[in-house]
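Have a look at the structure below before the remarks.
The values are calculated or read from the model by the stated rules, or taken from the named source; none is laboratory data. Here the structure is a predicted model, which means the values were calculated and not measured. So basically every Cβ, Gly included, is an ideal-geometry build from the backbone, and we count neighbours across all protein chains shown. Ligands, DNA and RNA are stripped out before the accessible areas are found, and what is left, the full protein with its side chains, is counted by its heavy atoms. Shrake-Rupley method; radii C 1.70, N 1.55, O 1.52, S 1.80 Å.
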Amino acid sequence: MTWDEYATAWSGLHGGFDPRRASPVVRGWVLCAYRIGSFLGSKRISPLAVTIAGVILCLTVPLAALGGRGGLAAGALLVLLAAVADGLDGAVAVVTGRVSRAGFVYDSVADRVGELGWLAAFWVAGAPGPLVVAAGAASWLHEYVRARAAASGMAEIGAVTVGERPTRVSVSIVGLLVCALSLPAFVPVGVWLLLQIVGFVQLVVAVRRSLR
């Protein structure tokens, strides 16, 4: 599959957003995913295998956090690697022609399970349990509303809010790194929760406007 063919297929799966006309950063990331996905596909590595690898990386984050400051820094690296895997499973699916609705469901479930692993790492680092649970619930609610809105006819991408998954990835990586420098763990979890609340409000407004 050529780059142009991949970009066209990718656009069809992302609400018509053309990566060839995106910012240099977004275009570069999609192009990088295409090249790595092409390599993995040539080695007959399935999209599901990449998804499972990403989940395993996420679930090792709280285990790494048990190692103190060094473990928290290692956890940040694991989150980064998991985020890369999350982008590559879709690339492998497109390149190998294995895009499916079941794969989309698996990927969504893997994302939510992975985020639980990241939040568990903050709990291990000392964040209050109720705050961690609230942050996780807010993330799940955000994605649930988007899924129900899409099922009701809203465009698949819908509104891009401040509470999207890339934001959670960034908060997790930066949060674990600063926790390794002795910042209280409740701070990044609090930031996570706040961004999810703001994002949820943005999403609800967009859903009402789109489905009115």
So Y144, is it part of a helix (DSSP H, G or I), open to solvent by 30 Å² or more (accessible area, probe 1.4 Å) and closer than 20 Å to T60 by Cα: no
Cross-chain or 6+ apart pairs with Cβ under 6 Å, segment 112-126 first and under 18 Å from L81 (Cβ atoms), then open to solvent by 50 Å² or more (accessible area, probe 1.4 Å): G117/L59
Options V189, V132, V207: the member that is of a type in the set (V, I, T) and either modelled with pLDDT under 95 or under 14 Å from the mean Cα position of the chain (by Cα) (or both): V207
Residue match in segment 184-196 (condition: open to solvent by 30 Å² or more (accessible area, probe 1.4 Å), more than 29 Å from F17 (Cβ to Cβ) and part of a loop (DSSP other than H, G, I, E, B)): yes
Sole residue being hydrophobic (A, V, I, L, M, F, W, C), under 21 Å from A147 (Cβ atoms) and surrounded by 17 or more Cβ atoms within 10 Å (Cβ to Cβ), chosen from A91, A83: A83
Any hit, segment 167-175, residues being farther than 22 Å from F17 by Cα and open to solvent by 60 Å² or more (accessible area, probe 1.4 Å): yes
Number of the condition not met by S139 [criteria: (1) open to solvent by 30 Å² or more (accessible area, probe 1.4 Å); (2) of a type outside the set (A, V, I, L, M); (3) touching a Lys or Arg at 6+ places or on another chain (Cβ under 9 Å); (4) over 19 Å from A76 (Cα atoms)]: (1)
Filter result for the condition that a residue is more than 20 Å from the chain's Cα centre (by Cα) and open to solvent by 30 Å² or more (accessible area, probe 1.4 Å), over R27, R101, R44: R44
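Which one is farthest from the chain's Cα centre (by Cα), of the residues in segment 1-24 that are open to solvent by 50 Å² or more (accessible area, probe 1.4 Å) and among the polar types (S, T, N, Q)?
Within segment 1-24, the match that is farthest from the chain's Cα centre (by Cα) is T2.
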